Amino acid sequence: MKRDTSPTTAFQPAAPRGIVEGLVYVFERVMPDPFVLSICLTFVVAVLALLIAPTGNVPTLLDSWYTGTFGILAFALQMILILATGYAIAEAPIVQRGLRALAAHAQTPARAALLVFPVVAIAAWLNWGLGLIVGALLSREIARRVHVDFAWLVAGSYSAWSICNSGLSSSIALSQASHGNALNLVEKATGHVVPLTETIFAPFVFIPTVLVVVVMTAIFIKMHPKSDNVVAFSDAGDASDDASSADPHARTSDGAATFASRLEQSMLGTLLLLVLGVGYLAMEWRENKFDLDINTTILIFLLIGLALQRTPIAYANAIRRAARQTGSMLLQYPVYGGIMGIMKGTGLASMIAKAFVTIATPATLPVWSYLSSLIITLLVPSAGGHWAVQGPFVLPAAISLHASVPRTAMGVAMAENVSNMLQPFWAVPIVAIAGIRIQRVMGYTAVTFAVSLVIYAAALWLVH
């Protein structure tokens, strides 16, 4: 399947005539491939650690880098499995029909934005992995039917996805609401858990989350390029895609079905895995309260995908296609793990957090927590993982200053929503599945960064 993945060679944009076009123009010429960018960030963080970090010596830096690089591998596989299993669900025929039915309602760029933003935002609020997959595939279906700028549409999907850290899959909110969780730093400090009613369902989180979606929908409608600057989606058929998923054992040379093909096409293997998976979930949720963590999410996605694809070979082929889209993440996760290792091991991350805490007051601490998290997550897109570094500094400050503990904790999570719009790490899977270069997309999401930065900061300070 050939796609328009090289717009800078197939289309040479005219000189920029506005702020948004200027941003796209600059990002296409300045921003390197995300893997190259991660190497550049490693260099920057290493230099900063050696110059200003409390334990910024070469042996500590090297040891921290190695520990972080290989310490993230389990988490990296979990993230890739979420995306791969989500892709297999979204590629199922019934889901594809649903996406096509939705896309049929988007007949203009404005209607495309009005459809994409709420659908993707709801999916992302429910689960960040689901939001990424739905955003990419819905964008492709719409772009097949409507003459829109594809980078603009994918950027809109990614912008709608940005609210995921304020939703049900927010690792910081979930960990603080879970008794005995290793990252429940609030419970360790105070003996109490923070229920979701005080975090993701609280007005200071829920209101800006909805506001970002509504405001950015309106802004994106206005940002769609003029017709002479539109780079449309190209989806010329390529037989290699179908050939790669063909069943090599389907028939022998004389046309007879083989034992292997009958086994692959049998639903017995699917039923066996469904019985095991559903049985485990039923047992676990009966004995303990209902809970969704990363592993449970992967299992649920696996079971749904198997049920929708029906046969083991159909599911295996869907995962093979997903692997082609998520392969670039295999390179980036270890590099960013190394960056986080350096920041944590040398004390650079804690130094950044402390610098903001020392100038905070009870009213401003959540905002300073938000800003320090913004800086850290621009360097390390950690999906809440840096809470283990930042939490031990901001939470004692919140307790001693009598500031809002839930507000301070969620300031860290909300900053991740914002930083993701400039940090391309989480955009890699959505642009890979959509089939487009990331540089044009980030030119548009830079606007989302600026707008959501103000909205979340204002909510942390003013909404009660």
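Laboratory data are not the source of any read-out in this text; all were calculated from the coordinates shown. What you see is a predicted model, and the numbers here were worked out from it, not measured in a lab. Here the Cβ positions follow ideal geometry from the backbone for every residue, glycine too, while neighbour counts run over all protein chains shown.
Below is a table of values for the structure above.
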| item | result |
| --- | --- |
| Pairs beyond 31 Å (Cα-Cα), from LYS188/LYS289; LYS222/LYS344; LYS289/LYS354 | LYS222/LYS344; LYS289/LYS354 |
| Reduced Cα scattering model of the chain, Debye log10 I(q)/I(0), q = 0.09 Å⁻¹ | -0.62 |
| Ascending count of other beta-carbon atoms within 10 Å, so fewest first, for CYS164, CYS40 | CYS40, CYS164 |
| Segment 309-436, relative contact order in percent, only Cα pairs under 8 angstrom and at least six apart counted | 30 percent |
| Per-selection Kirkwood Rh - segment 13-136 (Cα, Å, 1 d.p.) | 18.8 Å |
| Against the rule of thumb 2.2 N^0.38 Å, how large the Cα Rg of segment 270-324 comes out | 1.24 |
| Test item: Cα-centred dipole of segment 134-199, Lys/Arg +1 and Asp/Glu -1 on Cβ, debye | 220 debye |
| Spread of Cα-to-Cα distances over 5 Å intervals beginning at zero, given as percent, for segment 336-464 | 2, 11, 21, 20, 18, 13, 8, 4, 2, 0 |
| Separation of the LEU462 and ARG286 label points, Cα + 7 Å toward Cβ, nm | 5.2 nm |
| Nearest-0.05 FRET efficiency for VAL44 and LEU273, computed from C-beta distance (R0 51 Å) | 0.70 |
| Kirkwood Rh, Cα atoms: Rg over Rh of segment 128-210 | 1.17 |
| Cβ-based net charge around GLN309, under 13 Å, with every Lys or Arg adding one and every Asp or Glu removing one | +1 |
| Mean Kyte hydropathy of 0.0 or more with a Cα span along the axis of at least 30 Å, helices from DSSP in the chain | 312-345, 438-462 |
| Residues LEU48, LEU73, sorted so that the one with the fewest Cβ neighbours within 10 Å comes first | LEU73, LEU48 |
| Rg ratio (alpha-carbon, reference 2.2 N^0.38 Å) - segment 24-88 | 1.51 |
